[in-house]
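Taking it in order: structure first as structure tokens, then the write-up.
Here, each number is a calculation from the coordinates, and none is a lab measurement. All figures in this text were calculated on a predicted structure; none of them were measured in a lab. Heads up, the Cβs are rebuilt from the backbone with ideal geometry, glycines too, and the neighbour counts pull from every protein chain shown.
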Amino acid sequence: MIFRCKGINISCLKQIFLQINVVSLHNFIYVVHEMEVVMKRIAILASGEGTNAERIVRYFAERQTAEVALVIASRAAAGVVKRAAALGVPCRVVVPDGFASGEAFSLLKEYGIDFVVLAGFLSRIPDGIVRAYAGRIVNIHPSLLPKFGGKGMYGMHVHRAVLEAGEKVSGITVQYVNERYDEGDYIFQAGCPVFSDDTPETLAARVHQLEYRYYPVIIERLVSGAGV
């Protein structure tokens, strides 16, 4: 069926609608391009199983603020290596000597990394990386710093120390990384109760839930400039 409208140039209308579609398509391409330009690239450094790393990768896979572009593991046997492969994220193994020699720094530059996230990473970060990423490199510690921090205080060592000290509250601290262990400025803290019948394992499980809940969100706010 053909409709005829008196006084209306159908050919002209078709051109107008076509032009509108072209403009809409152009605007859509521009928006997508802008989203790609502002997408921040994150590197995760890890030494262990990589449960935090996996949650961070999955979180940003559903966001448009940033992407996890690289995982650096300090041990070839670390569980995070297999997790990264399963998630399709490039993963490189750099042993502590490789950090000292500049190999890790070269990888960060090669992958165009904007922001560095430590997630259960046990090696010392060279001063060159700390300076280059000042204000853009963060760590999460499984206690309420300044308590139970410093060299040698990680994982189960922290939870045992918390229990031995008779603490009633533990938790997490997200902080900027500087040249000294666990002495960077604090960004965020969250606490959880310590029960009288806790073991290091049960306390660790409770603290892990805080890590999984808050760390990806805090990272996103930092990379997007929203603040905490």
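Determine how many Å³ per residue the convex hull of the Cα atoms of the stretch 57-146 encloses. It would help to have the intermediate numbers written out before the result.
Values: hull volume 10.8 nm³, N = 90.
Here the figure is 120 Å³ per residue.
Sorting 188-198, 65-75, 95-105 by their mean Cβ neighbour count within 10 Å, with the most densely packed peptide first, gives 65-75, 95-105, 188-198.
Normalised Debye scattering of the stretch 83-128 at q = 0.15, 0.21, 0.28 Å⁻¹ gives log10 I(q)/I(0) of -0.42, -0.84, -1.33, counting only Cα atoms as equal scatterers and leaving out solvent.
Label-to-label distance, Glu67 versus Arg41, with points set 7 angstrom from Cα along the beta-carbon direction: 1.0 nm. In the stretch 108-191, taking the dipole from charged Cβ atoms about the Cα centre, the farthest positive-side position among Tyr181, Val169, Val130 is held by Val169. In a fully extended conformation the segment linking Ala226 and Val93 would gain 44.7 nm over its present Cα-Cα distance, using 0.36 nm per residue.
Once the piece of chain linking Asp185 and Lys168 is laid out straight, how much longer is it, given 0.36 nm per residue of separation minus the C-alpha distance between them? Before the final figure, lay out each step's value.
Values: separation 17, 0.36 × 17 = 6.12 nm, distance 2.42 nm.
Here the answer is 3.7 nm.
Counted by Cβ distance under 15 Å from Pro200, the other residues give a net charge of -3, where Lys and Arg count +1 and Asp and Glu count -1.
Mean silhouette area of the stretch 39-223, derived from the convex hull of its C-alpha atoms and averaged over all directions, reads 9.6 nm². Length available on full extension from Lys82 to Arg206: 0.36 nm per residue minus the Cα-Cα distance, which gives 42.2 nm.
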